[in-house]
Structures are given as structure tokens and as C-alpha cells.
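*Asks:* One structure is given below, represented as C-alpha cells, and several questions about it will come after.
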Amino acid sequence: METSTMLKDLRNALTEWIGGHLIIEKKELDDVDKTIMKLEDFTFQHRGETVDDYTASTLLQLKGEGKVISDEATVPLPHSLFEIPIENISEVNHQTTELMIATERASYHISYNPN
């Protein structure tokens, strides 16, 4: 699937999900992070050139209040933002209440609940 088609699928799904709650599971190597948030808005952002390989130049920013859940604690989502680097996006799979995004670095499984 072409990148433009994947981004269109993301935009369509997230537009429908604004106002609902998301559970986001990010898997990177052996690390799994979980975030719960109420989706208020989203944007695609291009930052241009970056100074290191870890900072993404193209991002999907999910905006809304939320919590990061770990084994140690539950803490508020910093700046009410969850960022997904998408410059090396390789797959998007959208079902009615599920969204899977695969990039070069990590995979993201997003579940949607309208309440």
C-alpha cells in the first residue's frame, strides 16, 4: 500500500474517532507501553530535518487528555499529546474499532471506544 493511501486511511479512521477513547499499545523491541486517552483532535506534522535519528521528522500527533500506564505507575500524558513517528510507515490496517500502524521502529495497536 502506498504511503499516501495509508495516511488517508489513518485520517479517515481518526476523524470518525474524535470524541471517543483510545487505548494505544506501542511495541518497540521488547518494550510495551500502554496509553489511554480521549481523542480531541489529531494532526500530521512535518518538522523537516532533525539533528538525530531518534527524533522523527514526520509525526502523527494524537491530542487529548490521557494517562500512560506502566508496571510502576500511571501518570498523565505529557502535554496531552501522543506522537507516532510515521516517516517510515510500512503498514496500516484499519478495522471498525481497531487500527494497527507499523513503522520501521515500532508497531502501534489502537483500540477505539466511543464512550
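*Asks:* May I ask you to give the percent of accessible area on the chain that is carbon plus sulfur, with a probe radius of 1.4 Å? Before the final figure, lay out the partial values.
*Replies:* Values: 3370 of 7060 Å².
Ligands and nucleic acids excluded, carbon and sulfur give 48 percent.
*Asks:* A follow-up question, please. Evaluate Rg over Rh across the chain, taking Cα atoms for both radii and Kirkwood's formula for Rh.
*Replies:* Working: Rg = 13.6 Å, Rh = 14.5 Å.
A ratio of 0.94.
*Asks:* Let me have the 222 nm mean residue ellipticity of the chain computed from DSSP H runs of 4+ only, each contributing -39500 (n - 2.57), with the sum over all residues rounded to the nearest 500. Display every interim value, and only then the final one.
*Replies:* Numbers: 1 runs with 15 residues, N = 115.
So the helix-based figure for the chain works out to -4500 deg cm²/dmol.
*Asks:* In the range 59-115, which GluC sites (Glu not before Pro) fall in coil by DSSP and have 10 or fewer other Cβ atoms within 10 Å?
*Replies:* Values: sites: E65, E72, E83, E87, E91, E98, E104; in loops: E65, E72, E87, E104.
Taking the range 59-115 and a limit of 10 other Cβ atoms within 10 Å, the loop GluC sites (Glu not before Pro) found are E72, E104.
*Asks:* Moving on. In the Gaussian network model of the chain, springs joining C-alpha atoms below 10 Å, which of A102, A73, A13 carries the largest mean-square fluctuation?
*Replies:* A73
*Asks:* Quick query: amide H of N88 versus all other amide H atoms, modeled in the peptide plane; which residues come in under 5 Å with a sequence gap of 5 or more or a different chain?
*Replies:* So N88 has HN proximity to E104.
The values are calculated or read from the model by the stated rules, or taken from the named source; none is laboratory data. A quick note: this is a predicted structure, and the numbers were derived from the prediction, not measured. In this analysis, Cβ positions are derived from the backbone assuming ideal geometry, glycine residues included, and neighbour counts consider all displayed protein chains. Side chains included, ligands, DNA and RNA excluded: accessible areas come from the protein's heavy atoms. Shrake-Rupley method; radii C 1.70, N 1.55, O 1.52, S 1.80 Å.
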